[in-house]
Amino acid sequence: MPDLVDLQKLRKMRDNGRITIEEYDKGAERLYQKSMFQAGEQQAAKNGAVYILLAGFLGVTGIHNFYAGFWGRGLIQLGLSLTSWLFLFLPLILVVFWVLTEIFLQNKDAAGNSFGGNRSLIVGLRIGTVLWLAYTFYTTWNNNEFIWQDGGAVVVADEDMA
């Protein structure tokens, strides 16, 4: 908006005869170049729904952070996931909780731009994640059957059998 005001001031100065047409043209060109430079600096905002979907399905690879421009975070998550077998998969559990935290709390990309996209869809995906987590914990907690292998045979033990 300031550029538009400056352009109007230039026109008034030209109309009042305070500057020449050449000076007006140079000033208008300078304002145009300035506005184009500023427009180039502002990148299009990343889509929040895409970020959440990437985090939900491929989060342990850090791909959602690569998408948002957080290269360091993405590399750390990818590295922890790839090497987690060396540490009894404990780093993988850490990365899963880290990704879930990002799904709920991350609202901006690395450039500081707020995520774009449909706000209702983003909120719906976050609520869906909560419902999915609640369902997963509920079914895991209420599952009475445990299956393990004993000497090659599959043994199913139910708590009521004991």
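Since every read-out is calculated from the coordinates, none of them should be taken as a lab result. Nothing here was measured: the structure is a model prediction, and the numbers come from that model. No Cβ is skipped: glycine too gets one built from the backbone with ideal geometry, and neighbour counts run over all protein chains shown.
Counting only residues at least eight positions apart within a chain, or on another chain, the lysines with an alpha carbon under 21 Å from that of Lys46 are Lys108. Which lysines does Lys9 reach when only Cα atoms under 17 Å apart count, and residues fewer than 8 places away in its own chain are ignored? Answer for Lys9, where 17 Å is the Cα cut-off: Lys26, Lys34, listed by chain and number. Per-residue extension of 0.36 nm, minus the Cα-Cα distance of Lys26 and Lys9, leaves a gain of 4.8 nm for this segment.
Averaged over residues, the count of other Cβ atoms within 10 Å places the peptides 87-99, 131-143, 19-31, 47-59 in the sequence 47-59, 87-99, 19-31, 131-143, highest first.
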